[in-house]
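Novice: Encoded as structure tokens, here's the structure I'll be asking about.
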């Protein structure tokens, strides 16, 4: 009957009301989860189909991206295989392209293109192959070079072009058909692209071979050995 008892009683009533409300609310939520499922309640925002659409896009992107990477890898391998044994530039473009390694005082130096006996060697299978000697003749008017010789593969001819402005040569080495010594390593033709090296006083570059059964490329060196003797010198030596 006191004021304190009335206050205490009202507090109890208030607390009891909150507890009942909490129980009722919790029960409603529990019942909703029981009837519809936990994920159904969480994925209400996906009920319009957008989630499924987005999932499809993500899955398609992953599959498409993976397929694209595989296709790109295959195309790269095919391109590398197709280009192996073949220079990036034709001999004509290579010869006329600028070479910054040539010193200015060596430009237009015709003495590095002297007709006579030359020797060459190539690098293959992890080793240098021996020097072989052959004739080369340079045409200063047409800037053409021609020659012939014999090596461990067989008889060959050489045709090409050169430039005194860039100090470069582009050669095609062709072996005669029907030679028993010829191997698949250098069957038919070999493309050779060389640049003058003023420090070693020789032409250096790469050889390229591309056939149905072999594709390869590696280092090549060409060096002047002896000047071609003129007919007058031969007559004088005979006298």
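Novice: Looking only at region 153-168, which residues are buried (at least 21 other Cβ atoms within 10 Å of the Cβ) and more than 14 Å from residue 134 (Cα to Cα)?
Specialist: Once the filter is applied, which keeps residues that are buried (at least 21 other Cβ atoms within 10 Å of the Cβ) and more than 14 Å from residue 134 (Cα to Cα), region 153-168 yields 160, 162, 167, 168.
Novice: Can I ask one more? Which residue is farthest from residue 224 (Cα to Cα), if the candidates are limited to region 193-209 and must be free of Cβ contacts under 8 Å to residues at least 40 places away in the same chain and assigned to a loop (DSSP other than H, G, I, E, B)?
Specialist: By that ranking, first place goes to 199.
Novice: Limited to region 137-147, what total is found for residues that are surrounded by 15 or more Cβ atoms within 10 Å (Cβ to Cβ) and under 34 Å from the mean Cα position of the chain (by Cα)?
Specialist: Going through region 137-147 one residue at a time, the tally reaches 4.
Novice: Specify which of the listed residues (219, 223) is assigned by TED's automatic domain parsing to the domain that holds residue 188, assigned to a strand (DSSP E or B), at pLDDT 80 or above and loosely packed, with under 14 Cβ neighbours inside 10 Å.
Specialist: Sole residue among the options that is assigned by TED's automatic domain parsing to the domain that holds residue 188, assigned to a strand (DSSP E or B), at pLDDT 80 or above and loosely packed, with under 14 Cβ neighbours inside 10 Å: 219.
Novice: Right, something else. All but one of (1) modelled with pLDDT under 95; (2) in a strand (DSSP E or B) hold for residue 152; which doesn't?
Specialist: (2)
The values are calculated or read from the model by the stated rules, or taken from the named source; none is laboratory data. Values in this document were obtained by computation on a predicted structure and should not be read as measured data. Using ideal geometry, Cβ is built from the backbone for each residue, glycine included, and neighbour counts are taken over all protein chains shown.
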